[in-house]
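Questions regarding the structure given below will be posed in turn.
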Amino acid sequence: MNIILLGPPGSGKGTQSTYLSSAYKLNHISTGDILRSEISDKTKLGLQAESYMNSGDLVPDNLIIEMVSKKLSLLNSVLLDGFPRTLNQAESLDNELALLEKKIDFVFYFDVPAEDLVLRLSQRISCKNCSSIFSKIDKEYICSSNCKEQILYQREDDKPEAISKRMESYISLTTPLIDFYDKKRIMININANKSILEVSKEIDGIMQS
Ligand code: AMP
């Protein structure tokens, strides 16, 4: 099974990915996590991506498409989190999957009111090591069981100027994907303005029906 999580920054895609990839044995591909790891390893791709990411811009399609293609050809059953984010990426993904004789089964669209997203992002704290995501209002921060050492930080692009840029990029470049997948009749709207557990249960209901 291959699934895409689509939605604005801060809508909870990363948090639900942790649950869904483990519950349904899916290989989690988070383009944001891969890029952050490339930056921390100072690879060529990391150096090319860093300034775009820090300022809240999308990384150019050619770099992202090549990065994801390499993974797709090696993995069965993927959960795509943060990809595709442009029509060009979505069309390349379709072509790539067709060559591999695979398809997307579901696109879950995470619906959250715009006014809540900025608050969620500005309160977000992440672990540099395992990518676990917390909110400043959480009572405790417990990383995933495989985290070797918790290193909490606020992502550069969760700071105010970058948040506005990310929202603009989302609206102009990513929202056309809603229509793209809706027309293919594989998109399911998820009310993601609920607790983490309630959102997981809503998705479970769909996966198990
Ligand atoms: P995320 O962790 O998904 O919020 O992504 C963080 C940042 O990584 C984005 O704001 C972009 O700069 C970059 N990024 C992640 N995925 C993509 C993508 N599919 N296309 C372009 N840039 C991306």
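The values are calculated or read from the model by the stated rules, or taken from the named source; none is laboratory data. Given the structure is predicted, the values throughout are model-derived calculations rather than measurements. All Cβ positions, even for glycine, are placed from backbone atoms using ideal geometry, and neighbour counts span all protein chains on display. When the accessible area is computed, the model is the full protein with side chains, heavy atoms only, and any ligands, DNA or RNA have been set aside. Shrake-Rupley method; radii C 1.70, N 1.55, O 1.52, S 1.80 Å.
How high is the FRET efficiency between LYS103 and SER172 when r is their beta carbon distance and R₀ equals 22 Å, given to the nearest 0.05?
0.20
Also, I was wondering about something else. In the chain, which Cys residues have no partner Cys with a Cβ closer than 4.7 Å?
CYS127
Please compute the net charge surrounding MET67, taking Lys and Arg as +1 and Asp and Glu as -1 over other residues with Cβ under 13 Å from its Cβ.
Around MET67, the charge tally is 0.
Let me ask something else. What residues from region 166-193 fall in the zone where the backbone N is under 12 Å from a label point 7 Å along the Cα-to-C-beta line of LEU87?
Backbone N within reach: 173-181.
Give me the 1.4 Å probe accessible area per residue for the chain, excluding ligands and nucleic acids, in Å².
For the chain, the per-residue accessible area is 54 Å².
For the chain, divide the Cα radius of gyration by the Kirkwood radius and give the resulting Rg/Rh value with two decimals.
Rg/Rh for the chain comes to 0.93.
At what distance in nm do the modelled label points of ASP111 and GLU66 sit from each other, each positioned 7 Å from its Cα along Cα→Cβ?
Rounded to a tenth, the inter-label distance reads 3.9 nm.
Mind grabbing the accessible area of ASP94 for me, 1.4 Å probe, Å², rounded to tens?
Accessible surface of ASP94 is approximately 50 Å².
Size of the dipole of the chain about the Cα centre, Lys and Arg at +1 and Asp and Glu at -1 on the beta carbon, nothing else charged, in debye to 20?
Once rounded to the nearest 20, the dipole reads 380 debye.
Which listed residue (ASN191, ASN146, SER55) has the Cα farthest towards the positive end of the charge dipole for the chain, taking +1 on Lys and Arg C-beta and -1 on Asp and Glu C-beta about the Cα centre?
Highest projection toward the positive end goes to ASN146.
Return the carbon/sulfur percentage of the accessible area of the chain, one whole number, probe 1.4 Å, all protein chains in place.
The value for the chain is 52 percent carbon and sulfur by accessible area.
How many nm is it between the label spots at ASN129 and GLU96, if each spot is 7 Å from the Cα in line with the beta carbon?
That separation, rounded to one decimal, is 3.0 nm.
How would region 97-170 be classified by its alpha-carbon gyration tensor: rounded, prolate or oblate, with rounded meaning a/c under 1.5 and the a/b versus b/c comparison settling the rest?
oblate
Still on this model: Give, in nm to one decimal, the length gained when the segment between ASP138 and GLN48 is fully stretched (0.36 nm per residue of separation minus the Cα-Cα distance).
29.0 nm
Still on this structure: Take the cross-link list LYS13/LYS70; LYS25/LYS201; LYS25/LYS194; LYS136/LYS194; LYS70/LYS184; LYS25/LYS136 and give me the ones stretching past 19 Å between alpha-carbons.
From LYS13/LYS70; LYS25/LYS201; LYS25/LYS194; LYS136/LYS194; LYS70/LYS184; LYS25/LYS136, over 19 Å: LYS13/LYS70; LYS25/LYS194; LYS70/LYS184; LYS25/LYS136.
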